[in-house]
Amino acid sequence: MQAMQYEITLPADYEMEIVRRRVKEKGHLLDAFPGLGLKAFLIRERGTAGSPVNQYAPFYLWRTAEGMNSFLWGPGFRALSADFGRPTVNSWLGAAFRRGPEFGTAPTTAVRRIEPLPLGADPAEAIERAAERLPSTGHSTALAVDPARWELLTFSLGGEELAAEGDRFQVLHLSAPELSELTQGRHW
């Protein structure tokens, strides 16, 4: 599993209905994309749920590297780059995945938390502890690691009541063609 996200921060007065319309028209195009565990089409709106910005920030869990590469070098990402400029793509190595009791329902909320691994700590032990603490609430939760910056990413999907700390996003659409094939538990 590979996690990936890019963030397109938009002007404070940007009409977010444009993004909603785009997702409504094009979101289904990834509903059967080979190698894709899930793509959560996410937005944050300035002044809503504590967001300081308007932002389109889709999040992906890739089941295969080939799927991720096909997307990044294919027509979908090219079109996005032509419309908004080429964004920086952040990626993390998958460490664990857990389904929650809402798995199989359409999530409305996503929470992303990024935290540094403590300096001087054994990364393997820190990642193991984080995987053991991974909640099994909401729709699903993924844990991933950026070994360049030694950061842990926790990404959770669920309903409005999702109790997780971090940046909150609204889920406009969820494409999940191979989500049921993502291995549960730790990935090592």
Worksheet item: When the helices in the chain are scored as -39500 (n - 2.57) per DSSP H run of 4 or longer and the sum is shared across all residues, what 222 nm value do you end up with, to the nearest 500 deg cm²/dmol?
Response: -6000 deg cm²/dmol
Discussion item. Sequence gap at least 6, Cα distance under 8 Å: using those rules, report the relative contact order of the stretch 1-103 to the nearest whole percent.
Written reply: 41 percent
Discussion item. Looking at the chain, identify the longest residue range that excludes and avoids all GluC sites (Glu not before Pro) in DSSP loops having at most 12 other Cβ atoms within 10 Å.
Written reply: 16-159
Worksheet item: Per residue, what accessible area does the chain have, given a 1.4 Å probe and all protein chains present, in Å²?
Response: 50 Å²
Discussion item. Please compute, for the alpha-carbon atoms of the stretch 67-141, the extent along each of the three principal axes and give them in descending order in Å.
Written reply: 41, 37, 20
Worksheet, complete the sentence: For the stretch 55-157 the trypsin sites (Lys or Arg not before Pro) that pass both the DSSP coil test and the at-most-12 other-Cβ-within-10 Å test are 133, 149
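Tally Lys/Arg at +1 and Asp/Glu at -1 over every other residue whose Cβ is under 13 Å from the Cβ of residue 114; what's the total?
That works out to -3.
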Worksheet item: What part of the accessible area of the stretch 76-159, given as a whole %, is carbon or sulfur when the probe is 1.4 angstrom?
Response: 53 percent
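When only C-alpha pairs under 8 Å and at least 6 residues apart count, what is the relative contact order of the chain, in percent?
Numbers: 408 pairs, mean separation 59.4, N = 188.
Worked out over the chain, it gives 32 percent.
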Worksheet item: Counting only protein heavy atoms, what percent of the accessible surface of the stretch 1-45 is carbon or sulfur at a 1.4 Å probe?
Response: 51 percent
Worksheet item: Top mean-square fluctuation among 61, 143, 29, Gaussian network model of the chain, C-alpha springs under 10 Å?
Response: 29
Response to the item:
Expected vector for the stretch 86-103, Karplus 3J(HN,Hα) from phi with 6.51, -1.76, 1.60 and θ = phi - 60°, integer Hz, x for Gly and Pro, equals 6, x, 6, 9, 8, 9, 9, 7, x, 10, 6, 8, 9, 7, x, x, 8, 4
Discussion item. As an exercise, identify the chymotrypsin sites (Phe, Trp or Tyr not before Pro) in the stretch 1-101 lying in DSSP coil whose Cβ has no more than 11 other Cβ atoms within 10 Å.
Written reply: 73
Discussion item. Could you give each residue of the stretch 22-31 its phi-based ³J(HN,Hα) in whole Hz, using Karplus coefficients 6.51, -1.76, 1.60 with θ = phi - 60°, and x for Gly or Pro?
Written reply: 4, 5, 4, 7, 10, x, 5, 5, 9, 5
Item to complete: Summarise the long-distance tail of P(r) for the chain by giving the % of C-alpha pairs beyond 24 Å.
Response: 36 percent
Worksheet item: What angle do you read, to the nearest 10 degrees and between 0 and 90, between the alpha-carbon axis of helix 75-84 and the longest principal axis of the chain?
Response: 70 degrees
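The values are calculated or read from the model by the stated rules, or taken from the named source; none is laboratory data. Predicted, not measured: the structure shown is a model, and the values here were computed from it. With ideal geometry, Cβ positions are generated from the backbone for all residues, glycine too; neighbour counts draw on all protein chains shown. To get the accessible areas, we keep the full protein, side chains included, count just its heavy atoms, and leave off ligands, DNA and RNA. Shrake-Rupley method; radii C 1.70, N 1.55, O 1.52, S 1.80 Å.
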